[in-house]
Amino acid sequence: FKIVHRIRSDPDKSRGGGVGVIHRADIILTQVFLSHGATFESVSAKFKDKDGVNIFCACVYRPGVLSDAFFSDFDDFIGSIFVRFTKIVICGDLNIHLDNCRSKHATMFSDLISSYGLTQLVTDPTHRLGHLLDVVICSHKVIESKSIVVNEPDSSIFPSCDHFPVNFQFGKCCSSTTDQKKTIVFRNLKSICMEDFQSDIESELITPDSTNFEAIITFFNTKSAEILDRHAPVITKEIQDRTAAPWFDGEYKKTSFSSEKSRKD
């Protein structure tokens with residue numbers, strides 16, 4: 001086996017040593033370097049499927065107190081992946097109670113990944129206290145959803161581990177004729193050079209010599225859009241539109257978690 005890993009930038013301030021992806025030695029994995037905000041840690045890599053198409057994979061970990069800044073950072077992170085890869089897998093411990101259907105943060109997270117056509121596949125508790133904290137996020141059919149299995153760790157091997165291992169299998173990554181597609185539009189704002197952007201705003205957004213308020217507003221909107229299009233043009237992408245089953249609602253999730261927790265207790 002081999003490992004692609006990233007050590008914690010300041011290990012003295014928190015427990016643990018970082019994140020990593022362990023893989024078989026016969027699988028050629030190339031590390032992908034992506035920068036993002038400090039609210040979570042990640043290590044990323046890519047490998048080719050049987051058709052020679054790159055599959056992006058990342059291991060992520062979110063420590064500390066959850067704040068809205070995380071969702072902004074994670075949005076930027078996925079956005080930077082999305083413009084480069086079509087087959088995506090993101091796994092790790094996000095420390096968000098995704099089993100809590102009433103949680104604002106769980107809803108924000110679900111809405112965020114759904115906006116990119118991604119799906120979180122784990123449905124059982126992944127922590128010994130009965131919460132779903134660990135995720136397997138993927139693009140359409142990269143992972144077989146029925147292959148997701150949450151196991152209890154061997155206490156003799158991992159005596160201090162309070163999370164459960166999550167196993168899954170890669171799918172055939174083929175599209176289905178019954179699935180509908182949708183087109184999403186976004187901008188890669190993270191690619192903007194802020195110095196050039198600021199310079200263009202300062203030099204081009206000059207108030208016109210006019211006393212007509214409507215004309216000034218029109219000029220401002222038109223010129224702002226022109227500058228933004230220059231630095232971060234609109235990107236259009238077609239993705240699979242995966243609608244959640246109507247019966248998989250909050251009540252079902254709550255009942256499923258209660259029964260699974262009781263079984264493991």
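The values are calculated or read from the model by the stated rules, or taken from the named source; none is laboratory data. Keep in mind that this is a model prediction, so the values were computed, not measured. Because the Cβ atoms are built from the backbone with ideal geometry, glycine has one as well, and the counts that use them run over all protein chains shown. With ligands, DNA and RNA removed, areas are computed over all heavy atoms of the protein, side chains included. Shrake-Rupley method; radii C 1.70, N 1.55, O 1.52, S 1.80 Å.
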(request) For residues that are in a strand (DSSP E or B) and at pLDDT below 90, scanning just the range 6-22, find the one that is surrounded by the most Cβ atoms within 10 Å (Cβ to Cβ). (result) 6
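Matching residues to (1) surrounded by 13 or more Cβ atoms within 10 Å (Cβ to Cβ); (2) charged (D, E, K, R):
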site	(1), (2)
194	no, no
199	no, no
203	no, no
206	no, no
209	no, yes
214	no, yes
221	no, no
224	yes, no
(request) Kindly indicate the residue of the range 50-61 that is surrounded by 19 or more Cβ atoms within 10 Å (Cβ to Cβ) and not β-branched (Val, Ile, Thr) and also farthest from residue 141 (Cα to Cα) among those meeting that condition. (result) 59
(request) Restrict the check to the range 41-59 and report whether at least one residue is at pLDDT 90 or above, part of a loop (DSSP other than H, G, I, E, B) and not hydrophobic (A, V, I, L, M, F, W, C). (result) no
(message) For the structure I just gave you, tell me whether residue 64 is under 30 Å from residue 192 (Cα atoms), touching a residue at least 12 places away in the same chain (Cβ under 8 Å) and touching a Ser or Thr at 6+ places or on another chain (Cβ under 7 Å).
(response) no
(request) Answer yes if at least one residue in the range 27-49 is closer than 27 Å to residue 111 by Cβ, open to solvent by less than 30 Å² (accessible area, probe 1.4 Å), among the basic types (Lys, Arg) and touching a Leu at 6+ places or on another chain (Cβ under 9 Å), and no otherwise. (result) no
(request) Could you please give the count of residues in the range 134-150 that are surrounded by fewer than 14 Cβ atoms within 10 Å (Cβ to Cβ) and in contact with a Phe, Trp or Tyr (Cβ under 6 Å, 6 or more places away or on another chain)? (result) 1
(message) Criterion first (at pLDDT 90 or above, exposed (fewer than 14 other Cβ atoms within 10 Å of the Cβ) and not small (Gly, Ala, Ser)) does residue 74 satisfy it?
(response) no
(request) Would you be able to tell me the number of residues in the range 60-73 that are of a type in the set (A, V, I, L, M) and in a loop (DSSP other than H, G, I, E, B)? (result) 2
(message) Just to verify a result, which residue in the range 151-162, among those that are open to solvent by 60 Å² or more (accessible area, probe 1.4 Å) and of a type in the set (S, T, N, Q), is farthest from the chain's Cα centre (by Cα)?
(response) 156
(message) Being under 23 Å from residue 150 (Cα atoms), open to solvent by less than 30 Å² (accessible area, probe 1.4 Å) and either in contact with a Lys or Arg (Cβ under 7 Å, 6 or more places away or on another chain) or touching a residue at least 24 places away in the same chain (Cβ under 8 Å) (or both) is the filter here; which residues of the range 100-133 pass it?
(response) 109, 113, 118, 121, 122, 125, 126, 127, 130, 132, 133
(request) Considering only the range 88-127, state which residues are of a type in the set (D, E, K, R) and outside any strand (DSSP E or B). (result) 99, 102, 104, 111, 124
(request) Tell me which residues, restricted to the range 134-171, are in a loop (DSSP other than H, G, I, E, B) and touching a residue at least 24 places away in the same chain (Cβ under 8 Å). (result) 139, 140, 141, 142, 144, 148, 152, 162, 164, 168, 169, 171
(message) So, residue 69, is that one open to solvent by less than 20 Å² (accessible area, probe 1.4 Å) and either within 12 Å of the chain's Cα centre (by Cα) or in contact (Cβ under 8 Å) with a residue 12 or more places away in the chain (or both) or not?
(response) no
